[in-house]
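**Q** Sending over a structure as structure tokens; questions will come in a sec.
The values are calculated or read from the model by the stated rules, or taken from the named source; none is laboratory data. These figures come from a predicted structure and were not determined experimentally. Here the Cβ positions follow ideal geometry from the backbone for every residue, glycine too, while neighbour counts run over all protein chains shown.
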Amino acid sequence: MDKQNSMGQRIQELRKHKGLTQTELAKEIHVSMAAIRNYENNLREPNSKAMAALERYFGVSGEYLRGEVDRETFMQNSDAIQGQMDELVHLFQVFRPDLNCASQERQYLAISILNEVMRTISRDLLRRDGSANLDGAKVGRIFQAAFALNSDGLTELDKRAGELTQLNQYKK
């Protein structure tokens, strides 16, 4: 990888874009100034803890820092992701009045479903390599199908889902 697209170059560009010195960045992400200097000079790469701190601080992914995605693609994807995030925030704002008007039983059900979905997304999709053939529309159709089932249908779906996850040909 040439120096222009190196991790060190990207860290340096991000640091300068924020108007920080190496010392200031080191304090922000809780590493030594020497570590920042070594990263920027490509003498060493950040360990996993420092890499996560850099990702969080600059709002970028490890794939961007490592040079696996060029800046233009990263920025285009970031804009698209931000647009989707804005839409999600809007949906939560629309959801809140409906939640407040529902019975406590329905409120609890809705919140428990959302909590479980968010835990699953965080645990199984974001923190490890998620399935490449998974997409939002497909997951949405699965949820719509589940909500269309009566109590017996939901029990059967739960049973079948448990069976599918036990069959090796369907595992990731």
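**Q** I'd like to check something: does the stretch 73-89 contain any residue that is among the acidic types (Asp, Glu), touching a residue at least 12 places away in the same chain (Cβ under 8 Å) and closer than 30 Å to Glu13 by Cβ?
**A** Of all residues in the stretch 73-89, those among the acidic types (Asp, Glu) come to 79, 86-87.
Applying the additional criterion that residues be touching a residue at least 12 places away in the same chain (Cβ under 8 Å) yields none.
Among the residues of the stretch 73-89, not one is among the acidic types (Asp, Glu), touching a residue at least 12 places away in the same chain (Cβ under 8 Å) and closer than 30 Å to Glu13 by Cβ, which makes the answer no.
**Q** Could you grab the pairs with beta carbons closer than 6 Å, sequence gap of 6+ or different chains, first residue in the stretch 138-152 and in the same structural domain as Ala110 (by TED's automatic domain parsing) and under 14 Å from Leu114 (Cα atoms), second one outside any helix (DSSP H, G or I) and among the small types (Gly, Ala, Ser)?
**A** Correct list of pairs: empty, since none qualify.
Condition check ((1) modelled with pLDDT of 90 or more; (2) within 18 Å of Lys16 (Cα to Cα)) across all residues:
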position: Asn38; (1), (2): yes, yes
position: Gly59; (1), (2): no, yes
position: Thr73; (1), (2): no, no
position: Asn77; (1), (2): no, no
position: Ile81; (1), (2): no, no
position: Asn100; (1), (2): no, no
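**Q** Looking at the structure I just gave you, is Asp124 of a type outside the set (S, T, N, Q), closer than 30 Å to Glu28 by Cβ and not assigned by TED's automatic domain parsing to the domain that holds Ala26?
**A** Details: of a type outside the set (S, T, N, Q): yes; closer than 30 Å to Glu28 by Cβ: no; not assigned by TED's automatic domain parsing to the domain that holds Ala26: yes.
Answer is no for this residue.
**Q** Is it true that some residue in the stretch 105-121 is in a helix (DSSP H, G or I), at pLDDT below 85, outside the structural domain of Leu14 (by TED's automatic domain parsing) and more than 30 Å from Ser6 (Cβ to Cβ)?
**A** Quick first cut of the stretch 105-121, residues in a helix (DSSP H, G or I) only: 105-121.
Narrowing further to those that are at pLDDT below 85: 120-121.
Right, trim to outside the structural domain of Leu14 (by TED's automatic domain parsing) and you get 120-121.
Retained after the next criterion (residues that are more than 30 Å from Ser6 (Cβ to Cβ)): 120-121.
There is at least one residue in the stretch 105-121 that is in a helix (DSSP H, G or I), at pLDDT below 85, outside the structural domain of Leu14 (by TED's automatic domain parsing) and more than 30 Å from Ser6 (Cβ to Cβ).
**Q** Among what's in the stretch 124-137 and is exposed (fewer than 11 other Cβ atoms within 10 Å of the Cβ) and part of a helix (DSSP H, G or I), pick the residue that is modelled with the highest pLDDT. Write out each step before concluding.
**A** Keep residues of the stretch 124-137 that are exposed (fewer than 11 other Cβ atoms within 10 Å of the Cβ), which gives 126-129, 131-133, 135-137.
Then drop every residue that is not part of a helix (DSSP H, G or I), which leaves 126, 136-137.
Details: Leu126: 72, Gly136: 81, Ala137: 85.
My answer is Ala137.
**Q** Scan the stretch 85-98 for residues that are over 27 Å from Gly59 (Cβ atoms) and either loosely packed, with under 10 Cβ neighbours inside 10 Å or modelled with pLDDT of 90 or more (or both) and jot them down. First the steps, then the outcome.
**A** Taking the stretch 85-98 and keeping what is over 27 Å from Gly59 (Cβ atoms), we get 97-98.
Once the filter is applied, which keeps residues that are over 27 Å from Gly59 (Cβ atoms) and either loosely packed, with under 10 Cβ neighbours inside 10 Å or modelled with pLDDT of 90 or more (or both), the stretch 85-98 yields only Pro97.
**Q** Go through the stretch 63-99 and give me each residue that's under 17 Å from the mean Cα position of the chain (by Cα), in a helix (DSSP H, G or I) and closer than 15 Å to Met7 by Cα.
**A** Within the stretch 63-99, Glu63, Tyr64, Leu65, Phe74 meet the criteria.
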